[in-house]
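Q: Take a look at the following structure, please.
The values are calculated or read from the model by the stated rules, or taken from the named source; none is laboratory data. Just so it is clear, the model here is predicted, and its values are computed rather than measured. FYI the Cβ positions are ideal-geometry reconstructions off the backbone, even for glycines, and counts take in every protein chain you see. For the accessible areas, the whole protein counts, side chains as well, though only heavy atoms, and no ligand, DNA or RNA atoms are used. Shrake-Rupley method; radii C 1.70, N 1.55, O 1.52, S 1.80 Å.
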Amino acid sequence: MQIDPSLINKYNVPVPRYTSYPTVPFWQDDIDAAKWKTVFKEQFKQGNSKEGISLYLHLPFCESLCTYCGCNKKITTNHGVENEYMASLEKEWELYLELMGEAPVIRELHLGGGTPTFFSPDNLEKLLTKLFTNSKIHPQHEFSIEGHPNNTTKEHLQRLYALGFRRVSYGVQDHDPEVQRIINRIQPIENVQRATDTAREIGFHSVNFDLIYGLPLQTTKTLTKTILQCIEMKPDRIAFYSYAHVPWTSRGQRLFDEKDLPSTDDKMKLYQLGKQLLMDNGYFDIGMDHFALATDDLYAAKLEGRLHRNFMGYTTQHTSLLLGLGVSSISDAGVAFAQNEKTLHDYYARIEREEIPVMRGYFLSEEDVAFRKYILDVSCKGKTIFKEEHLAILKKYSFPELEKLQADNLVNWNEQGLTVTDLGWHFIRNICKAFDLHLLRNMVATANPRFSKAI
Ligand code: SF4
């Protein structure tokens, strides 16, 4: 499908990725930790034995700074930091185990960072074994890790495979040597190939590549080469992200000379080109920057209406409790979100005091829960049914937005519900925005664009 560039331009406005609703800028800075514990406990009790829980571990260390990076990370070459961090993670887990009161059933587990493969295979194994000691593993578990192609070793992958990991995601970003030099991520294509081949030989059944468009010195020529080289390696999934230039929050980005960044028009061309290349080569647009081969479970889940979305992005597992452990990690208890302390210093101090280290979050109102469901329905199933009791508020805030979206053939809707069109899937963030009452009421995006643009 060719997408009209003027439509892409029209919808290229600041809009959240909706890994949560309400989105993070609307959370409270000072969370009531006692209330969080109560909500967590309740949600755990309801879901653990039925569906299990999801677990996210944030492993924040990286050996060198990629200057485009917006993640919460700590740059160091001192691997002595691994032990102290692991000890804190284990302590945090124990604090939650006390709240749970029974063995958690781990259904989904993701190791993210930072660079999880900064940790030695021995240490990763030790940490996970400790976590698993007091848990049960769900028969349909799905365990995944973000690996750096430069330092993911065969041993890492073998140990993780033995522990039940079957998915690996590699940060590829761009293969061009000049782009790699300016973003300070020197990563020969041979390393990507080796890490991919090794994972497959060991038995990992899903390999994901993250690519970024809009990086400094990137051109249509370099991006075409990168994407075609990636396609040859046949990753099962590709996430094709827009580079968000926010030097006021990501200080590493100040090291770029802004004149090296593609102009808005050029970035748009990169986006269109990349998307077209992926779709022409057998990758289906899942939504929100994610593409998958027809053989990948994510694609089947989309067709069957089984997709779910949480802080880890799209997933095929649906649990109503996601527990995030580690510095800056976010937990989602369905009716509440909580984020951990964002600096290592504060995180360690809270753990030392034997406190659950949450620092900010949000408790959802009934209205939030209902509109969160609309947003999840739209982003995961491409359709939703409106409840009569919400009609007044939908009429005031959402329907005027839907009218505009329908005029561009992105949705079909009436007072009963909505269906996303094929074209609409390419603008799914913009459609979700029609149900973002916090944004619509405050119009934060226009007054203060705290979200990156869609492209
Ligand atoms: S992009 Fe990944 S490897 Fe690079 S600094 Fe950020 S977290 Fe570390």
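Q: Which pairs in the list Lys91/Lys302; Lys37/Lys373; Lys35/Lys342; Lys50/Lys73; Lys10/Lys35; Lys45/Lys74 are over 31 Å apart, alpha-carbon to alpha-carbon?
A: On the way: Lys91/Lys302 37 Å; Lys37/Lys373 23 Å; Lys35/Lys342 20 Å; Lys50/Lys73 35 Å; Lys10/Lys35 42 Å; Lys45/Lys74 35 Å.
Lys91/Lys302; Lys50/Lys73; Lys10/Lys35; Lys45/Lys74, as the Cα separations exceed 31 Å there.
Q: For the full complex of protein chains and a 1.4 angstrom probe, list Asp422, Asp197, Asp296 by accessible area with the highest value first. Spell out each step's value before the answer.
A: Working: Asp422 115, Asp197 65, Asp296 5 Å².
These residues rank, largest area first, as Asp422, Asp197, Asp296.
Q: Ok, one more. Would you mind estimating how fast the chain diffuses translationally, via Stokes-Einstein at 4 °C and 1.567 mPa s with the Kirkwood radius over Cα pairs, in µm²/s?
A: Reported coefficient: 57 µm²/s.
Q: Hey, any idea what % of segment 28-143's accessible area is carbon plus sulfur with a 1.4 Å probe? If you can, show how the numbers build up before the last one.
A: Working: 2440 of 5120 Å².
C and S atoms contribute 48 percent here.
Q: I would also like to ask the following. Quick check: from the Cα gyration tensor, does segment 265-338 come out rounded (a/c under 1.5), prolate or oblate? Let's see the in-between values first.
A: Working: a/c = 3.26, a/b = 1.62, b/c = 2.02.
Judged from the Cα gyration tensor, segment 265-338 comes out oblate (a/c at least 1.5, b/c at or above a/b).
Q: Using the scaling law 2.2 N^0.38 Å as the reference, what is the normalised Cα Rg of segment 336-455? List each step's numbers first, then the result.
A: Working: Rg = 17.9 Å, N = 120, 2.2 N^0.38 = 13.6 Å.
Computed over Cα atoms of segment 336-455, the ratio equals 1.32.
Q: Go through segment 27-37 residue by residue and turn each phi into a ³J(HN,Hα) via Karplus (6.51, -1.76, 1.60, θ = phi - 60°); whole Hz please, and just put x for glycine and proline.
A: Working through the residues one at a time gives 7, 8, 6, 10, 7, 7, 5, 5, 5, 4, 4 Hz.
Q: Could the peptides 398-409, 253-264 be put in order, highest first, of the mean number of other beta-carbon atoms found within 10 Å of their residues? Could the numbers behind the result be given before it?
A: Values: 398-409: 15.9, 253-264: 13.5.
Final packing ranking: 398-409, 253-264.
Q: Output wanted: per-residue J couplings in Hz (rounded whole) for segment 420-431, from phi through Karplus 6.51 cos²θ - 1.76 cosθ + 1.60, θ = phi - 60°, x for Gly and Pro.
A: Values, residue by residue: 7, 7, 4, 5, x, 4, 7, 10, 5, 4, 5, 6 Hz.
Q: Per residue of segment 127-138, in order, report the coupling 6.51 cos²θ - 1.76 cosθ + 1.60 (Karplus, θ = phi - 60°) as ³J(HN,Hα) in whole Hz, putting x for Gly and Pro.
A: Per residue, the Karplus-derived 3J(HN,Hα) values read 4, 5, 4, 4, 5, 6, 4, 9, 10, 10, 9, 5 Hz.
Q: What percent does the relative contact order of the chain come to when contacts are Cα pairs within less than 8 Å and at least six residues apart?
A: On the way: 799 pairs, mean separation 94.6, N = 455.
Relative contact order of the chain: 21 percent.
Q: For Leu391 and Arg254, FRET efficiency with R0 = 60 Å and r from the beta-carbon atoms, rounded to 0.05?
A: Numbers: r = 48 Å, r/R0 = 0.81.
So, using R0 = 60 Å, E works out to roughly 0.80.
Q: Count charges around Phe291 for me, please; just the other residues with Cβ under 12 Å from its Cβ, Lys/Arg as +1, Asp/Glu as -1. Mind dumping the intermediate values first?
A: Working: positive: Arg237, Lys275, Lys302; negative: Asp210, Asp236, Asp280, Asp285, Asp289, Asp296.
With Lys, Arg at +1 and Asp, Glu at -1, the net is -3.
Q: Pulled fully out, how much extra length does the chain show between Asn78 and Lys50, if you take 0.36 nm times their separation in residues and subtract their Cα-Cα distance? Mind showing how you got there, number by number?
A: Working: separation 28, 0.36 × 28 = 10.08 nm, distance 4.23 nm.
Taking 0.36 nm per residue and subtracting the Cα distance, the gain is 5.8 nm.
Q: While we're on this one: Note down the relative contact order for segment 98-250 as a percent, whole number, built from C-alpha pairs under 8 angstrom at least six residues apart. Kindly include the intermediate steps, with their values, before the conclusion.
A: Working: 208 pairs, mean separation 32.1, N = 153.
Relative CO of segment 98-250 lands at 21 percent.
Q: Please list Asp29, Asp210, Asp266 from largest to smallest accessible area, probe radius 1.4 Å, with all protein chains kept in place. Don't skip to the end; give the middle numbers.
A: Values: Asp29 115, Asp210 35, Asp266 70 Å².
Result of the area sort, largest leading: Asp29, Asp266, Asp210.
Q: In whole percent, and with a 1.4 Å probe on the protein chains, what portion of the accessible area of segment 320-455 is carbon and sulfur? Kindly include the intermediate steps, with their values, before the conclusion.
A: Working: 2870 of 5760 Å².
Carbon with sulfur: 50 percent of the solvent-accessible area.
Q: Now a separate question. Segment 97-153: which GluC sites (Glu not before Pro) are DSSP loop and have at most 12 other beta-carbon atoms within 10 angstrom?
A: Numbers: sites: Glu98, Glu102, Glu108, Glu125, Glu142, Glu146; in loops: Glu102.
When the GluC sites (Glu not before Pro) of segment 97-153 are filtered for loop state and at most 12 Cβ neighbours within 10 Å, Glu102 remain.
Q: Give, as a single signed number, the net charge of other residues whose beta carbon lies under 10 Å from the beta carbon of Asp176, with Lys and Arg counted +1 and Asp and Glu -1.
A: Numbers: positive: Arg181, Lys221, Lys225; negative: Asp174, Glu178.
Residues close to Asp176 contribute a combined charge of +1.
Q: May I ask you to derive the relative contact order of segment 142-216, considering only C-alpha pairs under 8 Å and at least 6 residues apart, and to give it as an integer percent?
A: Numbers: 100 pairs, mean separation 31.3, N = 75.
Here the relative contact order equals 42 percent.
Q: Okay, next question. Search the structure for amide H atoms under 5 Å from the amide H of Gln173, placed 1.01 Å from N in the peptide plane, and list their residues when 5 or more places away or on another chain.
A: Close amide H contacts, sequence-distant or interchain: Asp210, Leu211, Ile212.
Q: Arg166's amide H: which non-local residues (gap 5+, or another chain) put their own amide H closer than 5 Å, with H modeled 1.01 Å from N in plane and none for Pro or chain starts?
A: The answer is Phe143.
Q: Can you tell me the accessible area per residue over the chain, all protein chains present, probe 1.4 angstrom, in square angstrom?
A: Values: 19310 Å² over 455 residues.
Counting only protein heavy atoms, the per-residue value for the chain is 42 Å².
Q: Quick one: which of Lys41/Lys130; Lys404/Lys453; Lys234/Lys433; Lys396/Lys433 span more than 25 angstrom between C-alpha atoms? Could you put the intermediate results ahead of the total?
A: Numbers: Lys41/Lys130 22 Å; Lys404/Lys453 19 Å; Lys234/Lys433 33 Å; Lys396/Lys433 14 Å.
Correct reply: Lys234/Lys433.
Q: Which three lengths, in whole Å and largest first, does segment 172-217 cover when its Cα atoms are put on their principal axes?
A: 36, 17, 12
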